[in-house]
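Below you will find the structure I want to go over with you.
The values are calculated or read from the model by the stated rules, or taken from the named source; none is laboratory data. Here the structure is a predicted model, which is why all the values come from computation and not from measurement. For neighbour counting, all protein chains shown are included, and Cβ atoms are generated from backbone atoms with ideal geometry for every residue, glycine included.
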Amino acid sequence: MDRTQYGWLLLHANALPMLAMQQVMEELEATMAAEPPPPVPPPGPEAEAQRRAALDDLADRIEADPQLSALVNFNFDVPELTPEEMQRLREQALAEDAEAEAALAELEALPDGPLDLEQFLARSYAKPLPAARVDAAFARADLDELAALAAQLPADLPPLHAPQDAESLARWLALFREEGGACETYVFAVGQTDDGA
């Protein structure tokens, strides 16, 4: 794989998680819109009894779940930290905030309405990733490892290091959403080479 091909790969590896997030949000919105609103109990003793019963049921479920129970009983006291550890945590928090803001900006840049992959590709291909960002990621990449991961991907699709059309990107998106699948592993491996600069 040469540097130009890696530029395509990096672009698609950044796009798939963002597109999957938008797709999941659309599906959740459609599901919620199709569900009838929950009934509102009339005020009075019966409603209060229902509320208390729901709270008791929730408490029982939390107590029965080891993970939830551990959260309830978690010790939230802040341990003593050295100035170096505090600085490291601040830097980590700032980096995570920057990543979250970048992801949010990418989502906000998507047009309203149903996901349109053809339109997304047209916009993305018209504005390629910065050359310095691609160069840095390409220098970090273990091409042999990525080639081994790519060998597990379907051979009947254009490779992710080549331009896509809406149909092929839709199939890659479906593969990426298979949790723990080869496509997800490959995309995240590529993403680890990118500092997002």
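Answer with yes or no whether Glu84 is part of a helix (DSSP H, G or I), over 21 Å from Val190 (Cβ atoms), under 29 Å from the mean Cα position of the chain (by Cα) and modelled with pLDDT of 80 or more. It would help to see each step written out before you state the result.
Values: part of a helix (DSSP H, G or I): yes; over 21 Å from Val190 (Cβ atoms): yes; under 29 Å from the mean Cα position of the chain (by Cα): no; modelled with pLDDT of 80 or more: yes.
In short, no.
Still on this structure, please answer the following. Surrounded by fewer than 17 Cβ atoms within 10 Å (Cβ to Cβ), assigned to a helix (DSSP H, G or I) and out of contact with any helix residue (DSSP H, G or I) (no Cβ under 6 Å at 6 or more places or on another chain): is that true of Ala155 in this structure?
Details: surrounded by fewer than 17 Cβ atoms within 10 Å (Cβ to Cβ): yes; assigned to a helix (DSSP H, G or I): no; out of contact with any helix residue (DSSP H, G or I) (no Cβ under 6 Å at 6 or more places or on another chain): yes.
Answer is no for this residue.
Does Thr4 count as free of Cβ contacts under 8 Å to residues at least 12 places away in the same chain, of a type outside the set (Asp, Glu), under 30 Å from Ala139 (Cα atoms) and out of contact with any Phe, Trp or Tyr (no Cβ under 7 Å at 6 or more places or on another chain)? Break it down into steps so the answer makes sense when it comes.
On the way: free of Cβ contacts under 8 Å to residues at least 12 places away in the same chain: yes; of a type outside the set (Asp, Glu): yes; under 30 Å from Ala139 (Cα atoms): yes; out of contact with any Phe, Trp or Tyr (no Cβ under 7 Å at 6 or more places or on another chain): yes.
Yes; evaluated as a whole, the condition is true for this residue.
Here's something else I'd like to know. Out of everything in segment 126-152 that is part of a loop (DSSP other than H, G, I, E, B), of a type outside the set (Gly, Ala, Ser) and touching a residue at least 40 places away in the same chain (Cβ under 8 Å), what residue ends up being nearest to Phe188 (Cα to Cα)?
So the first thing to find is which residues in segment 126-152 are part of a loop (DSSP other than H, G, I, E, B), and the list is 127-130, 141-142, 151-152.
Subsequent filtering for residues that are of a type outside the set (Gly, Ala, Ser) retains 127-130, 142, 152.
Filter again for touching a residue at least 40 places away in the same chain (Cβ under 8 Å), leaving 128-130.
Values: Pro128: 20, Leu129: 17, Pro130: 20 Å.
By that ranking, first place goes to Leu129.
Now, a different point. Mind checking which residues of segment 159-172 are exposed (fewer than 15 other Cβ atoms within 10 Å of the Cβ) and assigned to a loop (DSSP other than H, G, I, E, B)?
So the first thing to find is which residues in segment 159-172 are exposed (fewer than 15 other Cβ atoms within 10 Å of the Cβ), and the list is 162-163, 165-167.
Passing the criteria: Ala162, Pro163, Asp165.
For segment 6-28, which residues satisfy the criterion of being in contact with a Pro (Cβ under 9 Å, 6 or more places away or on another chain), farther than 19 Å from Ala182 by Cβ and of a type outside the set (A, V, I, L, M)?
Once the filter is applied, which keeps residues that are in contact with a Pro (Cβ under 9 Å, 6 or more places away or on another chain), farther than 19 Å from Ala182 by Cβ and of a type outside the set (A, V, I, L, M), segment 6-28 yields Gly7, Glu26.
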